[in-house]
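The values are calculated or read from the model by the stated rules, or taken from the named source; none is laboratory data. What you are looking at is a predicted structure, and each value in this text was computed from that prediction instead of being measured. Cβ atoms come from the backbone with ideal geometry, glycine included; neighbour counts cover every protein chain shown.
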Amino acid sequence: MKLLSLVFSLLLTTVLIGQHPAEDWYHTSPSESGLNGISTHELYNTLLKDKKGEKVIVAIIDSGVDHLHEDLKDVMWVNEDEIPDNGIDDDKNGYIDDIHGWNFIGGPDGKNVNEDNLEVARLYKKLKYKYETAIESQLTKDQKKEYATYVKVRDEVNKNLEAARKSIENLDEEKEKVYNAVAAVEKALDGKEIKMENIDSLDATDNQSLMMGKSIMGRVLAGGEPIESFEFLRGEIENSYAQRKKRSQGNIDYLYNPDFDARTDVVQDNYSDSYESNYGNNDIKGPDSFHGTHVAGIVAATRNNDIGMDGVAANVEIMSVRTVPNGDERDKDVANAIRYAVDNGASIINMSFGKGYSWDKKVVDDAVAYAVKKDVLLVHAAGNSAQDNDIENNFPNDKYEKARGFLFWKKKKAKNWIEVGALSHKTEEAAVARFSNYGQANVDVFAPGQEIYATTPENGYAYLQGTSMASPVVAGVAAILRSHFPKLKAEQVKEIIMNSSTKGAGEVVVPGPDGKKRPFRQLSVSGGMIDALAAYKLAMKTKGKKKIKKKKASKA
């Protein structure tokens, strides 16, 4: 049964790839479509009709953005104070030829980090030399605390390495059983059409392979997607197993490999100096911009151009700050990316990344506090571990390691930060995406994040899912508000988005293996799902607190 479960999961993520909701479902109104859309269409067709607003810069801190994409090239931020490709820092901001943004995981010779390890592996390596042979009873109180962290990260790394090795060992055997099961069905059908009634009619008595094959193919066909041929099915199975093997090998080679060093020879920075900032290069696309390009499209792919899809926000410029490799982002890079975005005019920063450990939280906290001071809204994905963020760590986050301020006015949390969980397109008890993190205290609001259609590199488009997709939906709505209501401060935009969210009255299945149900309102601070139309209406009634400096009239 365990094998069958794995097979079903495998086939439902490959063969059933065509089963998606409408490409624009997340722009629809729930009352019209019956889906968890945010009413973007209705907002643009009514309150925003013939309104333009002011330009808003949204920074995408991610894996990179394909700035030449047909649906993004016209909305990319351009640093007009920099002359392209002249090798000179024309605007004196410390970054040479930063036309559309900057790349903090690239090197001076144009090379880029692609694969990197996870923070847990880095911490294991950092602490191993101190505690590998330590005797706990002989340690000081502070050392024992650090030793406990060492044991935790050591065990997590070793557990995942062993699981990856076993996975690779078992995959070929598992694949052969699946092939045999499919072959048994093909033989039994003897040329008959691949359809449910023919599959059901097969007698699998005393034939385990045929029984398994009937179960697999029956499950696939029950999903409504036709199987073109057995050759097609075998190709999909082969492709999926190859991907699974590649992922497991990646866990071994770099993600959980404490000795893997992708950075030193490439970036060539002084990694021990968390506040060093002048490193990297201007390659804002990088070797793999799939994730970041998708995120950018959700926020602001050119609207109404009859190409591909429409972003949530119009009148937006996308700034790409490449920081996230195929692995965990580093705190030093995240802090520098936030500061770069703030200093170069971004009023919203989308951060669709996260991890369970932090190397240097203080440097990130300092950057977050800088964004607070400069009135920049930070939008962050809650994570895809189906965990309660009130219990488990998810970094970066809005909680300062040390409270900021003076005496009784110290702040423990950043007021300009909004944490986003993911919705599926389904309603009622299936409304929350099965992978999404949640938290009544530490997740602010939910937004569409499953089966989201948006841009991918080389003029492509694809459905992806994750809180990584939910976060830019919120960033897009925030951009609409900051464009049309420029006097709203970042914390006001956050409050409007949360207070205007649609409150779920019923119970939903809580992400995780046990399938328990809880009232939707208990899964986030707001207890709601984002509604662009309602947010705009509330913004119309809200007096902005931001003082806008009047531009001086030019002399005749």
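Report yes if VAL56 is more than 22 Å from PRO457 (Cβ to Cβ), touching a residue at least 24 places away in the same chain (Cβ under 8 Å) and surrounded by 18 or more Cβ atoms within 10 Å (Cβ to Cβ), otherwise no.
Considered against the rule, which asks whether it is more than 22 Å from PRO457 (Cβ to Cβ), touching a residue at least 24 places away in the same chain (Cβ under 8 Å) and surrounded by 18 or more Cβ atoms within 10 Å (Cβ to Cβ), VAL56 comes out as yes.
Quick test for you: out of GLY280, GLY308, pick the one residue that is more than 30 Å from SER39 (Cβ to Cβ) and not hydrophobic (A, V, I, L, M, F, W, C).
None of the others qualify; the one that does is GLY280.
On the given criteria, is GLU70 surrounded by fewer than 14 Cβ atoms within 10 Å (Cβ to Cβ) and part of a loop (DSSP other than H, G, I, E, B)?
So GLU70 fails the test.
Only residues that are more than 13 Å from TYR536 (Cα to Cα) and either part of a loop (DSSP other than H, G, I, E, B) or among the β-branched types (Val, Ile, Thr) (or both): list them for the range 475-489, please.
Matches in the range 475-489: LYS487, LYS489.
Here are ALA262, ALA204, ALA183, ALA188: which of them is free of Cβ contacts under 8 Å to residues at least 60 places away in the same chain, outside any helix (DSSP H, G or I) and small (Gly, Ala, Ser)?
Testing whether each residue is free of Cβ contacts under 8 Å to residues at least 60 places away in the same chain, outside any helix (DSSP H, G or I) and small (Gly, Ala, Ser) leaves just ALA204.
All but one of (1) in a loop (DSSP other than H, G, I, E, B); (2) surrounded by fewer than 24 Cβ atoms within 10 Å (Cβ to Cβ); (3) modelled with pLDDT of 95 or more; (4) not acidic (Asp, Glu) hold for SER436; which doesn't?
All conditions are met except number (2).
State all residues of the range 539-556 that are farther than 22 Å from LEU481 by Cβ and modelled with pLDDT of 85 or more; if no residue qualifies, say none.
None; the set is empty.
Looking at the structure I just gave you, is ALA386 touching a residue at least 12 places away in the same chain (Cβ under 8 Å) and small (Gly, Ala, Ser)?
Taking the combined requirement at face value, the residue satisfies it.
Condition first: within 20 Å of ASN394 (Cβ to Cβ), in the same structural domain as ASN394 (by TED's automatic domain parsing) and in contact with a helix residue (DSSP H, G or I) (Cβ under 6 Å, 6 or more places away or on another chain). Can you find one or more residues in the range 317-326 that meet it?
Yes; the residues of the range 317-326 include at least one that is within 20 Å of ASN394 (Cβ to Cβ), in the same structural domain as ASN394 (by TED's automatic domain parsing) and in contact with a helix residue (DSSP H, G or I) (Cβ under 6 Å, 6 or more places away or on another chain).
Do you know which residues across the range 534-550 are touching a Lys or Arg at 6+ places or on another chain (Cβ under 7 Å) and surrounded by 13 or more Cβ atoms within 10 Å (Cβ to Cβ)?
GLY544, LYS546
What tally of residues in the range 302-329 results from selecting those that are over 21 Å from VAL372 (Cα atoms) and either out of contact with any strand residue (DSSP E or B) (no Cβ under 7 Å at 6 or more places or on another chain) or assigned to a loop (DSSP other than H, G, I, E, B) (or both)?
Qualifying residue count, the range 302-329: 19.
Quick check on THR502: is it touching a strand residue (DSSP E or B) at 6+ places or on another chain (Cβ under 7 Å) and either of a type in the set (Ser, Thr, Tyr) or surrounded by 14 or more Cβ atoms within 10 Å (Cβ to Cβ) (or both)?
yes
Take the residues of the range 272-301 that are touching a Leu at 6+ places or on another chain (Cβ under 9 Å) and part of a loop (DSSP other than H, G, I, E, B): which is surrounded by the most Cβ atoms within 10 Å (Cβ to Cβ)?
Per the criteria, the residue is ALA301.
Going by the conditions given, is ALA222 touching a Lys or Arg at 6+ places or on another chain (Cβ under 7 Å) and assigned by TED's automatic domain parsing to the domain that holds TYR179?
no
For residues that are at pLDDT 95 or above and part of a loop (DSSP other than H, G, I, E, B), scanning just the range 394-408, find the one that is farthest from VAL372 (Cα to Cα).
Residue satisfying both the conditions and the ranking: ASN394.
With the structure loaded, tell me whether PHE353 is assigned to a strand (DSSP E or B), among the aromatic types (Phe, Trp, Tyr) and buried (at least 17 other Cβ atoms within 10 Å of the Cβ) or whether it fails that test.
no
Conditions (1) under 18 Å from HIS69 (Cβ atoms); (2) of a type in the set (A, V, I, L, M, F, W, C); (3) assigned to a loop (DSSP other than H, G, I, E, B), marked per residue:
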{"site": "ALA422", "(1), (2), (3)": "no, yes, no"}
{"site": "LYS426", "(1), (2), (3)": "no, no, yes"}
{"site": "PHE446", "(1), (2), (3)": "no, yes, no"}
{"site": "THR455", "(1), (2), (3)": "yes, no, no"}
{"site": "ALA470", "(1), (2), (3)": "no, yes, no"}
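Condition check: touching a residue at least 60 places away in the same chain (Cβ under 8 Å), outside the structural domain of MET211 (by TED's automatic domain parsing) and farther than 30 Å from ARG234 by Cα. Does ILE96 satisfy that?
yes
Looking at LEU127, LEU210, LEU161, which one is in contact with a Lys or Arg (Cβ under 9 Å, 6 or more places away or on another chain), in a helix (DSSP H, G or I) and assigned by TED's automatic domain parsing to the domain that holds LYS246?
LEU210
Just checking, does the range 246-255 include any residue being surrounded by fewer than 19 Cβ atoms within 10 Å (Cβ to Cβ), outside any loop (DSSP other than H, G, I, E, B) and without any contact (Cβ under 8 Å) to a residue 60 or more places away in the chain?
yes
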